[in-house]
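The values are calculated or read from the model by the stated rules, or taken from the named source; none is laboratory data. Since we're looking at a predicted model, the values are computed, not measured. Reconstructed Cβ throughout: ideal geometry from the backbone, glycine too, with neighbour counts over all protein chains shown. We work out accessible area using only protein heavy atoms, side chains counted, and drop any ligands, DNA or RNA first. Shrake-Rupley method; radii C 1.70, N 1.55, O 1.52, S 1.80 Å.
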Amino acid sequence: MKTAVPCYYHLDVDVSPERVGQVRRILAAHLRYWDLETLVEPVCRGVEMLLKAIDEHATDKHTSIEMWWNGQHLITAVGGDDRDLRPDQDLRGCLEHIAAMSDGWGCCATDTGSKVIWFSQRARAGERVPLVPTTPEPKLREMLQVPRDLPVTALATPADEADGVLEGAR
């Protein structure tokens, strides 16, 4: 079962070809620790594509990677400090792949000029357990109070007689 405890992870890395594999293994370990085994492949593939594109196109290779798990969605964000990197041109192919494999994605600039690319994945349950109907349990209820205007014997009479007694009581 997926944990509902919110989780957060942050990693700063200077991107290089040999660091891409290391980052992939680190993120995979955290996702497994959070019991999100089904998200390891799509998340690591998306981050790996972004890091390779940053390594190829960016002059400033310092990058931050963040993951947020809220119990239903995992949001992964990759932020680069290169002001000259243009995601709409330099990362177009990478962003097309991320859009195809994620439930939601986006790109934004920060106040400092860095770019953040994020994508989200919905957690899907690996095993479906059929629901089994349970029998209702008896519960203690408060007893209804007998109306004060009616005699107790009026409540014990058959239905036809009770109508006459009720009308007489009104």
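Being under 18 Å from TYR8 (Cβ atoms), open to solvent by less than 10 Å² (accessible area, probe 1.4 Å) and either part of a helix (DSSP H, G or I) or at pLDDT below 80 (or both) is the requirement here; does VAL43 meet it? The answer is yes for VAL43. Restricting the first member to the stretch 22-40 and to residues that are of a type in the set (Val, Ile, Thr), and the second to residues that are open to solvent by 70 Å² or more (accessible area, probe 1.4 Å), the beta-carbon pairs closer than 8 Å and six or more apart or on different chains are THR38/ARG124; VAL40/ARG32. Does at least one position in the stretch 74-83 carry a residue that is closer than 15 Å to CYS107 by Cβ, modelled with pLDDT under 90 and assigned to a strand (DSSP E or B)? Checked against the condition, which is being closer than 15 Å to CYS107 by Cβ, modelled with pLDDT under 90 and assigned to a strand (DSSP E or B), the stretch 74-83 yields at least one hit.
Across the stretch 1-39, the qualifying residues are those that are among the hydrophobic types (A, V, I, L, M, F, W, C) and within 15 Å of the chain's Cα centre (by Cα), and the one among them that is most open to solvent (accessible area, probe 1.4 Å) is MET1.
Contact map, the stretch 94-119: first residue touching a residue at least 60 places away in the same chain (Cβ under 8 Å) and buried (at least 16 other Cβ atoms within 10 Å of the Cβ), second residue assigned to a helix (DSSP H, G or I) and among the β-branched types (Val, Ile, Thr), Cβ cut-off under 8 Å, separation 6 or more or different chains; pairs are ILE117/ILE98; PHE119/ILE98. The residues of the stretch 45-65 include none that are under 15 Å from ILE26 (Cβ atoms), free of Cβ contacts under 8 Å to residues at least 40 places away in the same chain and touching a Gly at 6+ places or on another chain (Cβ under 6 Å).
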